[in-house]
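Enquirer: Take a look at the following structure, please.
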Amino acid sequence: MTETFQAKLETVLRRRIPGCQGLLSAERLSGGASQETYRLTIAVKNGGERLLALRRAPGGGAGGGDGGHGGGRVSYYPGLAAEALLMQSAQAAGVPEPDVHYVLTEDDGLGEGFIMAWLDGECLGARIVRAPELADIRPKLAYECGQILARIHAIDLAATGLDKRLRSLTPEQYVHDTWDRYKGFNTAQPMIDYTARWLLDHLPGGVEMALVHNDFRNGNLMISPQGVVAVLDWEVAHIGDPMRDLGWICTNSWRFGRSDLPVGGFGAYDDLFAGYQSISGGAVDLERVKFWEVFGSFWWAIGCLGMAEHYRTGPDNTVERPAIGRRSSECQVDCVNHLLPGPVMLVQGLDPSLDDEMPRIDELLTSVRDFLHGEVMAETVGRTNFMARVAGNSLDIVLRDQALGPAHRRLEQARLAALFQVEDSLENLRWRLVNKLRAGEMSLDYPGLGEHLRHTVVNQIAIDQPRYSGFKTASSLLSEQM
């Protein structure tokens, strides 16, 4: 935190927060890959202290456009001022939200953002699905989430003024907008194009448009032993198909390893739907939920690539961005499990000890990883500690790619050459497949296509994150190891 930032923030707090005597600290929290979140400690009268939260656009920017959320947020991002209005409107509808105290203006010199009450609760998805202190409430969360979503979807858009602040998106528009964003990255990821084609072939009909939170998931919910304390991160809200929210909270990326509990890793479909219907009075469309669950993996696969793109363009080019970029293969393997389940072949890794170089490349990488995971993490806290873990995990990806990558890419190239009956570079063959899928020149049931995509994606996730639950599901049907 720079002195200029601290001085400007303190000026705002003194002017806009009743009783504020000064800013004692502003700690940027870990996570929050698309927006910055700070815990503020302010001095109040009689020597007391009070906690607040600041949510701000990355780097103190205007917060418009992409903002780093990748495939989820494109040109229709409404901005943090609209996000504050969404939270206020939801709170009035009975949705648990923190009080919004002040929305930043251009004159404040801090970029786009807002100051809100600090609430206590657990936000980390991995802890929500495992923390012993939440054991009693976990079985009730899916039902409560269903109730909350029904209240969100019933918010009167005209009365709140949100109809003038948010874009309307039909399912077809949303698929095309997301697919187009991926195309702008200039990377050939055939499973993404295959999934886009499948989604366009299975578009839901008869949609009654409503307010959609669009990022309602485990990780954007604050949980206490009493239940949901707050619904957070409204930055990608729009007017669209409300079943999008029900599909998104069930997307495997947000189950945090608990694939047996599809609702956020803590509950069952039936409980989510029962909670929703208890407030809405209408039945849940199961086919639409399934469509949006597949779309969720497609959306976040592109969102992850957007993080890698954001690393290249800034302003927040931290070590976290490219690491999240590699998570695209997690989402792609979930698409495989939904659309192309079947046996796979896993490549055998190279044995680095056969290299007589001293020290070997793997030894250099391992020494740095162990330093980050050991000494650095032991001596740091907060965001620095989190980033050290991320950096060490990125080196693990490099180590696995060094062992598995050459054979994986050689077999991928051989399958593509056989598919097209032509010899060419791997890059050119990938683009040939992608272009044929985009042009509709190759049917989704083209002989050999599904098998190629399944083997390619599953072996890529073996490099990027072999502990991901989707990899375990995909590799449960092994043919032979190569």
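What follows draws every value from the coordinates through simple rules; no lab data is involved. Note that this is a predicted model, so its numbers are computed, not measured. Note that each Cβ is placed from the backbone with ideal geometry, even for glycine, and that neighbours are counted across all protein chains shown.
Enquirer: So for the pair E208, R28, with labels modelled 7 Å out along Cα→Cβ, what separation do we get in nm?
Expert: 4.5
Enquirer: Could you work out the local net charge near L51, counting Lys and Arg as +1, Asp and Glu as -1, over the other residues with Cβ closer than 11 Å to its Cβ? Write down the numbers at each step before the final one.
Expert: Working: positive: R39, R50; negative: E27, E49, D120.
Spelling it out: positives minus negatives among the neighbours equals -1.
Enquirer: Relative to the longest principal Cα axis of the chain, at what angle does helix 286-313 sit, 0 to 90 degrees, rounded to 10?
Expert: 90
Enquirer: Sticking with this structure for a sec: Just to confirm the filter: which GluC sites (Glu not before Pro) across the stretch 329-363 are DSSP coil and have at most 14 other Cβ within 10 angstrom of their Cβ?
Expert: When the GluC sites (Glu not before Pro) of the stretch 329-363 are filtered for loop state and at most 14 Cβ neighbours within 10 Å, E357 remain.
Enquirer: Separate question: To the nearest 10 degrees, how steep is helix 426-439 against the longest Cα principal axis of the chain, on a 0 to 90 scale?
Expert: Once rounded, the angle reads 70 degrees.
Enquirer: At L200 and Q277, where each label point lies 7 Å from the Cα along Cα→Cβ, what is the point-to-point distance in nanometres?
Expert: It is 3.5 nm.
Enquirer: Taking the dipole about the Cα centre of the stretch 328-474, with the C-beta of Lys and Arg at +1 and of Asp and Glu at -1, give me whichever of S443, L419, A391 is farthest to the positive side.
Expert: Ranked along the dipole, the leading option is S443.
Enquirer: In degrees, nearest 10, range 0 to 90: what is the angle between the Cα axis of helix 449-464 and the longest Cα principal axis of the chain?
Expert: Tilt of helix 449-464: around 60 degrees.
Enquirer: Considering only the other residues whose Cβ falls under 10 Å of the Cβ of D193, what net charge follows from Lys and Arg at +1 and Asp and Glu at -1? Numbers along the way, then the final one.
Expert: On the way: positive: K183, R197, K436, R438; negative: none.
Counting the neighbours of D193, the net charge comes to +4.
Enquirer: Tell me which aspartates and glutamates have Cα within less than 19 Å of K436's Cα, excluding those fewer than 8 residues away on the same chain?
Expert: D180, D193, D201, E412, E423, D424, E427, D445, E451
Enquirer: Taking the simple approach of a point 7 Å from Cα along Cα-to-Cβ for both E441 and E106, what is their distance in nm?
Expert: Using points 7 Å along Cα→Cβ, the separation is 4.8 nm.
Enquirer: Further question: Taking the Cα atoms of the chain, what is the range of coordinates along each of the three principal axes, in descending order and whole Å?
Expert: 75, 61, 44
Enquirer: How much mean residue ellipticity at 222 nm does the chain get from its helices, if each DSSP H run of length 4 or more adds -39500 (n - 2.57) and you divide by all residues, to the nearest 500 deg cm²/dmol?
Expert: Details: 17 runs with 227 residues, N = 482.
Computed ellipticity for the chain at 222 nm equals -15000 deg cm²/dmol.
Enquirer: Could I ask something else about it? Take the alpha carbon atoms of the stretch 283-352, find their center, do the same for the stretch 397-411, and report the distance between the two centers in whole angstrom.
Expert: 18
Enquirer: Whole angstrom only: what separates the Cα centroid of the stretch 210-224 from the Cα centroid of the stretch 113-169?
Expert: Computed from Cα coordinates, the inter-centre distance equals 4 Å.
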